[in-house]
Every structure is written in C-alpha cells, then in structure tokens.
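Single-structure report; data block below.
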Amino acid sequence: MGVDGQEQPPVHKHPRAARYRIYVAVVALMLVAAISLALLYLPYSPFRERFVSYEYRVVIDTGASGEFIVICPLPADCLDTACPDVVPSVVVLGDVLVSEATTPFGEGLEIEGSGSAVITWTYNFTYRSSTQSTSDHYSNLSMLDSGYNLLESNAFVSSEGANASLSLSYTYHHVYGSVGADFMRYELSGNLTTGWNSLLVEFDWMVS
C-alpha cells in the first residue's frame, strides 16, 4: 500500500540483465581456465616442467700399486664454475680419496690413492624456465682450454706419482617437453705423464 492507501505497481526485475551478467562471468572463468592450461601445457610455456640429467664417470687404471694423484675436470656451468654437488656425493670404487682442487686452469677433481678406481656421479631433476635459466645448468666441463661447448677442446689433467691412465665421460641431457631435447657428451682419455697433460676432448652435441 502507498502513503495514500493505493497499491504500488510491482517492481519488475530484469532477467535479461541477470542472465547477461552470468554469461560474462562464465566466459571470464573459461578464459582464465584456458590461459592457465596454456601456460601449464603449451610446449614453450615457462611454467611447463623440463627434465635434466647429469652422468659423470672417471676411471683411473694403474699398472702398479704405487701412490698417485690425478686432478681432472669437473662438471661446470657456462662460466666455468664447477658444480659444488659432485665431490660430496660421488660414488667411489677403489682405494682412493677424492676432493676438489683449485688449479691454474680452474676447479678440478683430485683423486689420490693407489691401484685402480672408478668414480661416478649421477643427478636428475625437473625445473621450469620461469624460475631457472639453462645458464645455471652444469652442461660444460671445467679445465678446458677453449671455453664453453666448443667442438675442438683440450682438457688439462695433472698427474703425480705412479703412471696412470685416465678415462672420463660426462653427459648432460636436457628434455623440454614435447618440443625437443639437448644432448651433450664429453669424453677424454689417455696415458698420463708426470705434470700437466693436455688431452683431446671428444664432444658430441645433438638437438632434437
């Protein structure tokens, strides 16, 4: 009833306007969901998981039981900084001790002992390019004479004591979703003489 006793006309709601607001909200939610899925699953999305593996192996072989000290390259980044996680977590077979050594050619793995030895290190992890750059990966070797990932390089290796032969291999594998992968492998070997040796590095690089 109105103030004058007359009934007021009913207030008409606008169902079309309400439906429009619901439609806009649904479309907005769908857009947000589509963008989120794209950021997560598109091949080049910075939020998509990528996979990295490292495999490092050094074999020392001697023909005598005398003591030896060998210093050889370590996995390193593009600035020739050696990976700090290798020495604390290597698996050692043989009567040797391992440590990290500073040399005029960079950081290296020092192996001291006698007889023969096998030193291995493997590591796998996932990351997203939104939080990490590939320049932070250890896709190089330290103690090379020609810098980062060059096809023709020599590695510096020091030897003292008993004659020894060295074989070193290192693989970096980087898989970025369904787009492709980077594969790098370094290999060097030789019979060492006393002092600093320069060993040719065989380098394989493949992008798929």
Residues being among the hydrophobic types (A, V, I, L, M, F, W, C) and under 11 Å from the mean Cα position of the chain (by Cα) - total across segment 114-129: 1
Identify all residues within segment 58-87 that are of a type in the set (Asp, Glu) and part of a loop (DSSP other than H, G, I, E, B); write none if there are none. Asp77, Asp80, Asp85
Residue among Ser89, Ser165, Ser189 that is of a type outside the set (D, E, K, R), closer than 30 Å to Arg48 by Cα and out of contact with any helix residue (DSSP H, G or I) (no Cβ under 7 Å at 6 or more places or on another chain): Ser89
Which numbered condition trips up Phe68, out of (1) open to solvent by 30 Å² or more (accessible area, probe 1.4 Å); (2) closer than 19 Å to Thr194 by Cα; (3) of a type in the set (Phe, Trp, Tyr)? (1)
Please determine whether any residue of segment 181-189 is farther than 21 Å from Val86 by Cβ and at pLDDT below 95. yes
Extreme residue, farthest from Thr120 (Cα to Cα), among residues of segment 89-107 that are charged (D, E, K, R) and touching a Ser or Thr at 6+ places or on another chain (Cβ under 7 Å): Glu107
Say whether the condition of being of a type in the set (A, V, I, L, M), farther than 15 Å from Phe68 by Cβ, in contact with a strand residue (DSSP E or B) (Cβ under 6 Å, 6 or more places away or on another chain) and open to solvent by 70 Å² or more (accessible area, probe 1.4 Å) is met by at least one residue in segment 201-208. yes
Of all residues in segment 45-59 being touching a helix residue (DSSP H, G or I) at 6+ places or on another chain (Cβ under 7 Å) and crowded, with 16+ Cβ neighbours inside 10 Å, the one that is modelled with the lowest pLDDT: Ser45
For Asn191, state whether it is part of a strand (DSSP E or B), surrounded by 17 or more Cβ atoms within 10 Å (Cβ to Cβ) and either at positive phi or not basic (Lys, Arg) (or both). no
Pick from segment 101-133 the residues that are closer than 22 Å to Leu144 by Cα and part of a loop (DSSP other than H, G, I, E, B): which of them is least open to solvent (accessible area, probe 1.4 Å)? Phe105
Mind listing just one residue for me: the one in segment 149-185 that is free of Cβ contacts under 8 Å to residues at least 60 places away in the same chain and assigned to a strand (DSSP E or B) and, of those, farthest from Pro73 (Cα to Cα)? Gly180
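The values are calculated or read from the model by the stated rules, or taken from the named source; none is laboratory data. Treat the numbers as computed from the prediction; the structure is a model and nothing was measured. Heads up, the Cβs are rebuilt from the backbone with ideal geometry, glycines too, and the neighbour counts pull from every protein chain shown. With ligands, DNA and RNA removed, areas are computed over all heavy atoms of the protein, side chains included. Shrake-Rupley method; radii C 1.70, N 1.55, O 1.52, S 1.80 Å.
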